[in-house]
Amino acid sequence: MKKKFLVIVLLVGVLFISTGCDKKQTLVCTNSQKSTGMTINTTATTDFVNDKITTMKMDMEVVVDESYASYVDTIKDSLVSQYSKYDGKDGFTYSANTKDNVINFTMTLDSTKASDEVKSGLGFAGSEKYSVNKKSLEAQGYTCK
């Protein structure tokens, strides 16, 4: 009986180790800011494995007031120009589109694929812990969960 119990315990242990015991967490933070002629709603989603960032995604919705509707394309182009030099680089994607007076912009960084040049250019160190990121974003006015 003891041998069967020991074999079962060993098998469960091997199964646990082989399936991985990585600690995965996702931090989702939102922010809404009003500026002259627009409202910017941002969602920052950061994935962590073992308290290290693996991916970061930023979704922005810029709602432009009717009085500034003629500037929608200019605002979109300004957002795109900030990130266009990383276009086509491994681990980095972005998209921007407009519909009526709304600009939707999405940027994603996969730190496991991105080069150090891209990470550095985006201000990404990669070693920030979940708790550090949460505190930093909350200090910038984000609500995190």
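Read-outs throughout are calculated quantities, based only on the coordinates presented, and are distinct from any laboratory measurement. None of the values given here were measured: they were computed from a predicted structure. Glycine gets a Cβ as well: all are built from the backbone with ideal geometry, and neighbour counts include every protein chain shown.
At a glance:
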read-out	value
Test result for Thr106, in contact with a strand residue (DSSP E or B) (Cβ under 6 Å, 6 or more places away or on another chain), touching a residue at least 60 places away in the same chain (Cβ under 8 Å) and either within 26 Å of Tyr130 (Cα to Cα) or surrounded by 12 or more Cβ atoms within 10 Å (Cβ to Cβ) (or both)	no
Odd one out for Ser70 among (1) within 21 Å of the chain's Cα centre (by Cα); (2) loosely packed, with under 14 Cβ neighbours inside 10 Å	(1)
Search result, residues across the stretch 115-144 that are hydroxyl-bearing (Ser, Thr, Tyr), part of a helix (DSSP H, G or I) and within 23 Å of Lys23 (Cα to Cα)	Tyr130, Ser131, Ser136
Which numbered condition Asp59 misses (of (1) charged (D, E, K, R); (2) in a strand (DSSP E or B); (3) exposed (fewer than 14 other Cβ atoms within 10 Å of the Cβ))	(3)
Answer residue from the stretch 75-103, given it is part of a helix (DSSP H, G or I) and in contact with a helix residue (DSSP H, G or I) (Cβ under 8 Å, 6 or more places away or on another chain) and is surrounded by the fewest Cβ atoms within 10 Å (Cβ to Cβ) among those	Lys85
